[in-house]
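Take a look at the structure set out below.
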Amino acid sequence: MRSGKETDPKFAYLSSPRTAARASRTAVRASAGAVRHAVTLNRLMFAAKTALAAGLAWYVAPLMPGPAASYPYYAPLGALVSMYPTVADTARHGLQSLLGLGLGIGVAFVFTSFTPPTALAVAAVVGIGVLIGGIPRMGAASDWVPMAALFVLVIGGANAESFSFAYILQMAAGVAIGFAVNWLIFPPLHLAGVGRSVAAHRQALSRQLADMAAAMRESWPPNHEDWAGRSQDLAATASEVRKAVHDAELSAKANPRSRRHRIDLQRDLRDLRYVERATFHVQDITDVLASVIWEKNAGTFIPPDVINDLSDALDSTAGLIGQWNEPDQIPELLEQTRDAVEKLSESVADVASRQAPVNAAASVAMSLRRIISVVSNRADDGDPD
């Protein structure tokens, strides 16, 4: 007798070898993608440096003076908690961890002076530690305050003073080793992704303008409307570019390798400013044209007499944005685009003289002029010194 799952159509996939094989291949591809994401060159380098720092900390730990040598395991822990992908983050989190340790030890001392580690004492030091950790701008220190207080109270006990000395000394040694390894051995500098992100977003803006130009030539409403929903996508992509630039700036802080790449970073920051301005104007054009086509009562209208000129202006501007990294071509492209937008403006003025509504077309023409101004200013800016 077959089970209910085998006879129920909802579970037919269970008895289909082809479907099961397809699901298996999908799962394998997903797993392979996860592995590729985890096993990148940067991640492998970071793992190797973290392992080296922990090993060095364990080697140095027995050399610590006094009772600290009896607690060697805190040194590799200090190296581990301080290691972050950037030198600046390594220094900040390492110092914050030591600050949290100091505060936690102070909380524990208040209780070890008059009570053993009872359930009430444990609850009290953890609660007070969590409260102190909630102070604004504590960062990584907030997690270490209750943890250090608990360790000193429970593990230190009657020897809380010597244990605390050992605890913070070994952790400090581990943090110092972690920072030294990250600073001296190929300190990470995340600049390569910025140029790619800016270029990809710029091409997305160019494609958006080209798609809108093609839509203007179609019978209305256009046969494809995917461009109309990309305004938020463009904003999201611009946000990703800003994040890439932020990561690059952060990786450059306290990084000895950043001196050789200072000009590259300045160029990327400059391009980010220009691409953000262009994004705003492309989004504005997208919203206006979408309103013209699909919002009947929005009061926006483009006369048929300006459609061809509007399409040409959009197409020309798309080419301008797509090629703005080609200095030899920019002057000619700027001239062509200015001519196309000027022709659009003349068409708008001609239609307006007949008292026809041209508000949407005039708005698009103004946005295109501003995009031209963005590209022109970028060309005049040149490379930073």
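Among the residues making up the range 46-65, a single one is open to solvent by 60 Å² or more (accessible area, probe 1.4 Å) and outside any helix (DSSP H, G or I): P65. Across the range 273-287, not a single residue is classified as in contact with a Leu (Cβ under 7 Å, 6 or more places away or on another chain), at pLDDT below 85 and either within 16 Å of G195 (Cβ to Cβ) or not basic (K, R) (or both).
Restricting attention to the range 100-110, does a residue exist that is open to solvent by 30 Å² or more (accessible area, probe 1.4 Å), out of contact with any Leu (no Cβ under 8 Å at 6 or more places or on another chain) and either of a type in the set (S, T, N, Q) or not in a helix (DSSP H, G or I) (or both)? Before the answer, list the steps.
Looking only at the range 100-110, we keep the residues that are open to solvent by 30 Å² or more (accessible area, probe 1.4 Å), and these are 102-103, 106, 109-110.
Then keep just the ones that are out of contact with any Leu (no Cβ under 8 Å at 6 or more places or on another chain); that gives 102-103, 106, 109-110.
Those left that are additionally either of a type in the set (S, T, N, Q) or not in a helix (DSSP H, G or I) (or both): none.
No, the range 100-110 contains no residue that is open to solvent by 30 Å² or more (accessible area, probe 1.4 Å), out of contact with any Leu (no Cβ under 8 Å at 6 or more places or on another chain) and either of a type in the set (S, T, N, Q) or not in a helix (DSSP H, G or I) (or both).
Counting residues in the range 66-78 that are in contact with a Ser or Thr (Cβ under 8 Å, 6 or more places away or on another chain), within 13 Å of G174 (Cα to Cα) and in a helix (DSSP H, G or I) gives one or more. Could you check, for the range 305-315, whether at least one of its residues is of a type in the set (G, A, S) and modelled with pLDDT of 65 or more? Within the range 305-315, one or more residues are of a type in the set (G, A, S) and modelled with pLDDT of 65 or more. One residue stands out among those in the range 359-380 that are open to solvent by 20 Å² or more (accessible area, probe 1.4 Å) and within 25 Å of D305 (Cα to Cα): the one that is farthest from the chain's Cα centre (by Cα), which is N359.
The values are calculated or read from the model by the stated rules, or taken from the named source; none is laboratory data. Worth saying up front: this structure is predicted, and the values here are computed from it rather than measured. Here Cβ is always computed from backbone atoms with ideal geometry, including for glycine, and neighbour counts include all displayed protein chains. Remember, those area values only see protein heavy atoms, side chains included, never the ligands or the DNA or RNA. Shrake-Rupley method; radii C 1.70, N 1.55, O 1.52, S 1.80 Å.
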